[in-house]
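Q: Provided herewith is a single structure, encoded as structure tokens, for subsequent inquiry.
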Amino acid sequence: MRTIVTLVLLAPLVAAQETRTATLDNGLKVIVQEDHAIPNVAMYLFYRIGSRNERPGTTGLSHFFEHMMFNGAQKYGFGQFDKQMDDHGGNNNAYTTRDDTVYTDWFPSSALELMFDMESDRMRDLAFDPKVIESERGVVYSERRLSVDNSNAGALRELAEATAFEAHPYHWPVVGWPSDIESWTMDDLKAHFRMGYAPNNCVLVIVGDVKFDGVMDLARKYMGPIPRQATPPEVRTKEPEQRGERRVTLSKPAQLPMIMVLYHVPDTKSADTPPLQVLGTLLGTGQSSRLYRRLVDTDQLALSVNGMVGNSLDPSTFNFMIQPRSGVDPAAAEKALYDELAKLGSEEVPAAELRKAKNQLLANHYRQLKTIEGRANLLGSYELFHGGYEKLFTAGEEVEAVKAADVERVARQYFTARNRTVATLVPERPEAREVTQ
Amino acid sequence: MKHLAWIVALGGTLCLGLDGQVKLPSYTREVLANGTVVYFVQRTALPLVSFRVVVKGGQESEPAGMAGLSAATAELLRRGTSGRTANQFAEDLDGLGGSFLALEDEQSTAIAAEFLKKDFDAGLKMVADAVLHPSFPPEEVRKTLARRGDGLKAAKDNPNMAITSYYRSFFFGSGHPYGRMADEASIDRIRRDDIVAYHDRMYVGRNLIVVVAGDFDPAAARARVAETFGGAPSGDAYRWAADQEPPPNSSPRVLLIDKPDATQTYFVIGQPGVRRSTADRVPLTLVNLLFGGRFTSMLNEALRVHSGLTYGASCRVEMARLTGGIAISTYTKTETTEKAMDMALDVLKQFSERGLTAEQLASGKASLKGTYPPQHLQTAEQIATTLGEMEIFGLGRDEVDQFFQRVDAVTLEQANAAARKYYRNANLTFVILGNAAKIRSVAAKYGPAVVEKSVKQAGWAANGSIL
């Protein structure tokens, strides 16, 4: 099999599952996709508030709030949300990003009304118990120690992003600086709740064994009475254009070094996003990708390498992460990355390789549609980051439209030395550190 | 994140019986002339097809001193075959937008691949080519083993992962197959000849299970599978070893791993448990869910929800072919190591002595039934995994089809008997990873002697590499 054919577009299939939407008078947007194949429901609430809405001194508050939302409201007190969920065969989690805070509930469809009751209770009347806040502060600090302080990748990423963003709130980590975690006050929490938790700042996505009319009845009954509020203030600060390479090192006891390279790129709504996604795929997805072949296989410089751009409301970065092999000079791995990026900007991508990358991208996209929770997450993410959930149904066409010249152009435009931040983890021997101290 | 995944996933297409009991969808099972067991199960919601090839053996089947051999063999399957170089395989797979993963556990290696429905023939040929006809080019073998050696170094930079390897090595010891963890020395010992011999011995008809799940034409699929996997040599079925229990402790045992830069302590508290085929599996799964298997479990409520000592505390019951362990695990900042360990032990003691209430049991049943089907029967791959496990462990479809009834049938007496029987608080095994200078005296509290090792030392075993 030497020729690569076009992947059959599955988009019509996705669209065939009818998606309906309505907005309550208080501004709550509800998106519903009925799927009766299973007696379960995925209910996702996307609040448009994340670490970009914080300020120095209260960094990490959005994420802390994500935790506090499980610690009791007026009707369902401390621990009740999780207990009721478990007692009714459901399950839940939540996540916070720089741009949004998302609450994810999965449950048998028989529990739908209970979920509306509990979600509306905490959207309107969250409890603020000082003792609970202190305990949860410890939990969040433990999460930080797990994912940043005691994780090489987490610590390096935090440093790299703080270096690439000097002015914009993407400068600080979602989990928050340690001293801020230690210092949030009750007033900070209450102000944050008022700022972000209102129906007009939320998108509710429900996929699964429900009826649209039934969902809207429950939404009106439980969430309709919750008043709208002012939305979070606009994030005014824009990151100034970077004018010159920035390099930082992190010294840490480690077996192996690690490198992160960040390039500033536009936000998700930009027309350059599809070419950047195609570019990321042909660089880093699969063992046939350029970076795997060069750094991991042929030159044996790295254990792993990846490159990606995530969703963002404001201009963000395209991040590369390289785990060099033992005995390899990290500079050699870094240079190999730049060689490959330069090639993309100077040589047209062969048609077959472009086709392959699009097939991979489309296949991975559609794999997320296998489950009701995958679809709920995509619908909400498209609503927030792409400007409308319906964009999900044309995502395949946007990828298809990318031409080799687009890939070459974005590579030349963004992957420049002056636009890049390089963070290197340099393994340090613990004994050496003790001596210098 | 609110918490790390407690295995949460919903959706898919599970089948509900009239009694509310979930059932496996209809499938066929047949045995080819060469001994290969083949399952076909149709799911037509998406135009995708999933191939899962299970090779019996896994970690248990690795020769002495060759820990990591089965995983290295599996990783190399696609790195050069009779029909393709490693690069050609990668180009063809990626060109189709296909996926191909090799996974390994205590008793099997699984190759999980997925293709579009229209690529059924091409996809199946690629999978069969890799599984049955790998050429193991010497250069690819050398590169893969070298990468695996470096991968072990990288693993030690991740304490949350590393503690599991230290724990398994210490808890099971070198005399138990589950205690033989791949390390620098065992990887160094593996030669291409060992890999070829392992493949010749294990990747044979009598040792293979092939599950085809998804959207396909049944008649054509049957013919294509017979043409490909039916051509494998029959070979000899892997002879499972007799059950072996983890070595019992006559007194508590403590291993302390020193990572001087750690700002929190990771610990595991283990004790002997069960094997997958135990008659107690349903009550034990149920009581463990309540003790340490969900967000509102006793452990997580105590150590996280009510005290803020950790981001998460849990307990896992290993359900493998041989008797495994029951392991409590969590982490806390260095300063609260003793408090968290004492609290975990206290929760264990309370559970062992007092067991559950009727209300807790009812909640556990609801949550086990509510989350089980989505985790096991949601997508074509999950169904393929479930069928593969049924075959490996010799279980019937009643394992799924009667699961709800079996959960409902567990009485409070049975649940509490399981709690008393399996959750003991004497002669435990403690593995603690953190800044030893600060927690050495704490570790000494839990056993008569503390074995100490540094993350800088090679291997996972307390006394150097295991032979």
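Derivation of every value follows stated rules applied to the coordinates shown; laboratory data play no part. Note that the structure is predicted; figures quoted are calculated from it, not measured. Please note: Cβ atoms are built from the backbone with ideal geometry, for glycine as well, and neighbour counts cover all protein chains shown.
Q: Mind checking which of A:Ser142, A:Ser316, A:Ser62 has the largest fluctuation in a GNM of chain A, springs on alpha carbons under 10 Å?
A: A:Ser142
Q: Okay, next question. Can you give the calculated 222 nm mean residue ellipticity of chain B, where each DSSP H run of n ≥ 4 adds -39,500 (n - 2.57) and the sum is split over every residue, rounded to the nearest 500 deg cm²/dmol?
A: The per-residue figure over chain B is -12500 deg cm²/dmol.
Q: Over chain A, what is the mean sequence separation of C-alpha contacts under 8 Å (at least six apart), divided by residue count, expressed as relative contact order in percent?
A: Taking the mean separation of contacting Cα pairs over the length of chain A, I get 22 percent.
Q: Ok, one more. What ranking do B:413-425, B:87-99 get when scored by the average of other Cβ atoms within 10 Å per residue, highest first?
A: The densest-packed peptide leads the list: B:87-99, B:413-425.
Q: Using the charge dipole of the protein assembly as shown (Lys, Arg: +1 at Cβ; Asp, Glu: -1 at Cβ; taken about the Cα centre), state which of A:Leu282, B:Gly292, B:Gly459 has its Cα farthest towards the positive end.
A: My answer, from the dipole projection, is B:Gly459.
Q: Another question about this same structure. To two decimal places, what compactness ratio does region B:172-273 give when its Cα radius of gyration is scaled by 2.2 N^0.38 Å?
A: Against the empirical 2.2 N^0.38 Å value, I get 1.70 for region B:172-273.
Q: What is the Cα radius of gyration of region B:22-231 over 2.2 N^0.38 Å, N being its residue count?
A: Taking N as the residue count of region B:22-231, the ratio is 1.07.
Q: Follow-up question, since we're still on this one. What residue among A:Phe212, B:Gly235, A:Phe318 has its Cα farthest toward the positive end of the dipole of the protein assembly as shown, where the charges are +1 on Lys, Arg and -1 on Asp, Glu, each on the Cβ?
A: Ranked along the dipole, the leading option is B:Gly235.
Q: Over all residues in B:257-263, what is the mean tally of Cβ atoms on other chains that come within 10 Å of each residue's Cβ?
A: The shielding value for this peptide is 4.
Q: Could you tell me which of rounded, prolate or oblate describes chain B, using a ≥ b ≥ c as the square roots of the eigenvalues of the alpha-carbon gyration tensor, with rounded for a/c under 1.5 and, failing that, prolate when a/b is larger than b/c and oblate otherwise?
A: Oblate is the answer for chain B, as a/c is 1.5 or above yet b/c matches or exceeds a/b.
Q: How big is the dipole moment of region B:22-231 about its Cα centre under a simple scheme where the beta carbon of each Lys and Arg is +1, that of each Asp and Glu is -1, and everything else is neutral? Debye, nearest 20, please.
A: 280 debye
Q: Peptide A:143-150: average number of partner chain Cβ atoms within 10 Å per residue?
A: 6
Q: In addition: How far is the Cα center of region B:123-141 from the Cα center of region B:263-284, in Å?
A: Measuring centre to centre over Cα atoms gives 37 Å.
Q: Against the globular-protein guess of 2.2 N^0.38 Å, express the Cα radius of gyration of region A:17-223 as a ratio, rounded to two decimals.
A: 1.07
Q: Provide a whole-number value for the mean count of partner chain Cβ atoms within 10 Å of the Cβ atoms in peptide A:85-98.
A: Per-residue shielding by partner chains comes out at 6.
Q: Quick check on chain A: helices-only [θ] at 222 nm, where DSSP H runs of length 4 and up contribute -39,500 (n - 2.57) each and the sum goes over total residues. Nearest 500, please.
A: -11500 deg cm²/dmol
Q: To continue, here is another question. Hey, can you rank A:341-349, B:262-270 by average C-beta count inside 10 Å, highest first?
A: The packing order, highest mean first, is B:262-270, A:341-349.
Q: Over region A:246-436, what is the relative contact order in percent, taking alpha-carbon pairs closer than 8 angstrom and at least six residues apart?
A: With pairs under 8 Å counted, the relative contact order is 39 percent.
Q: When Lys and Arg each count +1 and Asp and Glu each count -1, what net charge do the other residues less than 15 Å away from A:Phe385, Cβ to Cβ, add up to?
A: That works out to -2.
Q: Could you check what % of the DSSP bridge pairs in the protein assembly as shown are antiparallel, to the nearest 5?
A: 75 percent
Q: Further question on the same structure: Listed highest first by mean packing, meaning other Cβ atoms within 10 Å per residue, what order do B:48-55, A:239-246 come in?
A: Ranked by mean Cβ neighbours within 10 Å, highest first: B:48-55, A:239-246.
Q: On to the next question. Over chain B, what is the relative contact order in whole percent, taking alpha-carbon pairs under 8 Å and six or more residues apart?
A: Rounded, it is 24 percent for chain B.
Q: Starting from the Kirkwood Rh over alpha-carbon pairs, what translational D in µm² s⁻¹ does region A:84-190 have by Stokes-Einstein at 37 °C and 0.692 mPa s?
A: D, rounded to a whole number, is 200 µm²/s.
Q: Pairs A:Lys29/A:Lys75; B:Lys2/B:Lys369; A:Lys211/A:Lys370; A:Lys75/B:Lys349: which exceed 26 Å Cα-Cα?
A: A:Lys75/B:Lys349
Q: Taking the Cα centre of the protein assembly as shown as origin, sum charge times position over the Cβ atoms of Lys and Arg (+1) and Asp and Glu (-1), and report the length of that vector in debye to the nearest 20.
A: 1100 debye
Q: Remind me, what semi-axes does the protein assembly as shown give for its equivalent ellipsoid, largest first in whole Å, using sqrt of 5 times each Cα gyration tensor eigenvalue?
A: In descending order the semi-axes read 37, 35, 32 Å.
Q: Where a ≥ b ≥ c are the square roots of the eigenvalues of the C-alpha gyration tensor, would you call chain A rounded, which needs a/c under 1.5, or, failing that, prolate if a/b is larger than b/c, or oblate?
A: oblate
Q: Determine the sum of side-chain charges near A:Pro225: Lys and Arg each +1, Asp and Glu each -1, restricted to other residues whose C-beta is under 15 angstrom from that of A:Pro225.
A: Net charge around A:Pro225: 0.
Q: Here's another thing I want to ask about it. Would you tally the net charge around B:Lys369, using a Cβ to Cβ cut-off of less than 11 Å, leaving B:Lys369 out, and scoring K and R as +1, D and E as -1?
A: +1
Q: Let me ask you something else. Where the centroid of each part is defined by its Cα atoms, how far is region B:64-79 from region B:354-395 in Å?
A: That distance is 31 Å.
Q: I'd like the distance separating the alpha-carbon centroids of region A:364-412 and region B:398-467, in whole Å.
A: Taking the Cα centre of region B:398-467 as reference, the centre of region A:364-412 is 44 Å away.
Q: Would you mind ranking A:Met258, B:Met202 by Cβ crowding within 10 Å, fewest neighbours first?
A: B:Met202, A:Met258
Q: Using a Cα distance threshold of under 23 Å, what count of lysine pairs results for region B:22-231 when pairs must be 8 or more residues apart or interchain?
A: 4
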